[in-house]
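Quick note: the coordinates plus some simple rules give every number you see, no bench work behind them. Values in this document were obtained by computation on a predicted structure and should not be read as measured data. Here the Cβ positions follow ideal geometry from the backbone for every residue, glycine too, while neighbour counts run over all protein chains shown.
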């Protein structure tokens, strides 16, 4: 299976949300990373056939998705950033309803719903009303509905937004378990969401591709550019105004900073191994992402 994107662009009035993006994907997880407004959601909505491109083509196994839309949607699973649920339904009822809407044969419907409930670890809560679900449980129901048709292409847009740290970890673990023989596109502005499972990272900024690399390649580019130093409070404030600080910890001995810089920021600074977030900061020149 292969998803091919060629010179894809989307313009709203005079502003390009996405400009001249080309990409070829095979099974595995692509981490689509960038700040809000980078073009991530526009790209995912175009792949999901919910938004018409201004220019360019998207092909699934060599066929244009605009001329083979229905066949393409049968292999597509999509969890949008804003996912609504029906409050009168239990989780299981909701999934059965959506399975019927997606055209699953009636003789397979119950079995498939039970399978996806087990896949997302909601067996104990599947017969509870949806308004009683936590944010993480609602996201798991969202993934379950996207998996009903056993998609070859799974698109997930900002799935951990609003989740607490424990729910984020559980959700990332779930997505990592789904990467076998499937293309997953995971959009996020939180680099830790893709750190463990993505085989490839696409960094977007203002609608353009900034970097297309494996996590290890991105880390290698940042090697020799991340420093640690412990200084007094006044020096720490001065360093913050001059350099890109990725972390700061107040200790009895002073303030320990991690600094992303191509040059040594302080005489006492020592080189340390970069994190993926720091490699992202090095590539984008932006302030630290939320973690």
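Measure out, as a whole number of angstrom, how far apart the alpha-carbon centroids of segment 1-30 and segment 136-176 sit. Value for the Cα centre distance between the two parts: 22 Å. With the biggest extent put first, the Cα atoms of the chain measure 71, 45, 35 Å across the principal axes. Among 141, 263, 184, the residue with the largest mean-square fluctuation in a Gaussian network model of the chain, with springs joining Cα atoms closer than 10 Å, is 263.
Against the main long axis of the alpha-carbon atoms of the chain, helix 106-119 sits at an angle near 20°.
Taking the number of Cβ atoms within 10 Å of each Cβ as an exposure proxy, the fewest-first ranking of 221, 258, 24 is 24, 221, 258. To test your reading of the geometry: what angle, between 0 and 90 degrees and rounded to tens, separates the Cα axis of helix 233-242 from the longest principal axis of the chain? That works out to roughly 60 degrees. Sort segment 159-291 into rounded, prolate or oblate with this rule: let a ≥ b ≥ c be the square roots of the eigenvalues of the Cα gyration tensor; rounded if a/c is under 1.5, and if a/c is not under 1.5, prolate when a/b is larger than b/c, oblate otherwise. The shape class here is prolate.
With the cut-off at 1.5 for a/c, could you classify segment 1-85 from its C-alpha gyration tensor as rounded, prolate or oblate? Note, shape of segment 1-85 comes out rounded. Ordering of 169-178, 145-154 by packing is 145-154, 169-178, highest average first (other Cβ atoms within 10 Å, averaged per residue). Of the residues 93, 111, 74, the one that moves most in a GNM of the chain with alpha-carbon contacts below 10 Å is 111.
Mean separation of Cα pairs under 8 Å and 6 or more residues apart, divided by the residue count, gives the chain a relative contact order of 20 percent.
The calculated 222 nm mean residue ellipticity attributable to helices in the chain amounts to -9500 deg cm²/dmol, summing -39500 (n - 2.57) over DSSP H runs of n ≥ 4 and dividing by all residues. Axis angle, to the nearest 10 degrees, between helix 135-146 and the longest C-alpha principal axis of the chain: 50 degrees. In whole Å, what is the distance between the alpha-carbon centres of segment 209-239 and segment 50-104? First find each Cα centre; the distance between them is then 39 Å. Which residue fluctuates most in the GNM of the chain (Cα springs below 10 Å): 119, 29, 248? The residue with the greatest mean-square fluctuation here is 248.
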